[in-house]
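Below is one structure; the comments refer to it alone.
The values are calculated or read from the model by the stated rules, or taken from the named source; none is laboratory data. Because the structure is predicted, anything quoted here is derived from the model rather than measured. Glycine gets a Cβ as well: all are built from the backbone with ideal geometry, and neighbour counts include every protein chain shown.
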Amino acid sequence: VKDLDFGMNQIIVRDGKGAKDRATVLPENVKAGLEEHLEYVKRLHEKDLADGYGRVYLPSALSRKYRKADREWIWQYVFPAKTLSKDPRSGIIRRHHIHASGLQRAVKEAVKLARINKNVSCHTLRHSFATHLL
């Protein structure tokens, strides 16, 4: 959540190509829907905390430095998984992010519903977005 900056209209992409952090635009026309989605995610996180969960995986250096950061709102995933799962390494029950294959399936279904007879993937959308910015 902390990588969304509604004031500056940008999204920080962490550890991208070349292990670099980059900023990209947060389009004005998606802000309202994204804010509404984040309200739902925050309620889900608060429920998880009340139920004794609400933790996310953080890199070990961060988790050692900030002991309770894994429960804080700013560290939660923007697109959390529907269910909790047990971390096989630590045994801690956490809510992970949605799996990439779920997004890929949704894109394929949208392409099918739109009757687009071309191969379209998440990567195609990335390139279309970059071209549109030019």
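When you check Arg43 against the structure, is it among the basic types (Lys, Arg), at pLDDT 95 or above and out of contact with any His (no Cβ under 9 Å at 6 or more places or on another chain), yes or no? For Arg43, the condition - among the basic types (Lys, Arg), at pLDDT 95 or above and out of contact with any His (no Cβ under 9 Å at 6 or more places or on another chain) - is met.
Scanning the range 3-17 for residues that are loosely packed, with under 13 Cβ neighbours inside 10 Å and more than 13 Å from Glu35 (Cα to Cα) yields Met8, Arg14, Asp15, Gly16, Lys17.
Checked against (1) in contact with a helix residue (DSSP H, G or I) (Cβ under 9 Å, 6 or more places away or on another chain); (2) in contact (Cβ under 8 Å) with a residue 24 or more places away in the chain; (3) assigned to a helix (DSSP H, G or I); (4) not aliphatic (A, V, I, L, M), Ser63 meets all criteria but (2).
Candidates are the residues of the range 108-134 that are β-branched (Val, Ile, Thr) and assigned to a loop (DSSP other than H, G, I, E, B); the one that is nearest to the chain's Cα centre (by Cα) is Val120.
Mind listing whichever residues of the range 35-62 are under 18 Å from Arg14 (Cβ atoms) and exposed (fewer than 15 other Cβ atoms within 10 Å of the Cβ)? The answer is Pro59, Ser60, Ala61, Leu62.
Checking every residue in the range 50-58 against the condition of being in a loop (DSSP other than H, G, I, E, B), modelled with pLDDT under 90 and farther than 25 Å from Leu134 by Cβ gives at least one match.
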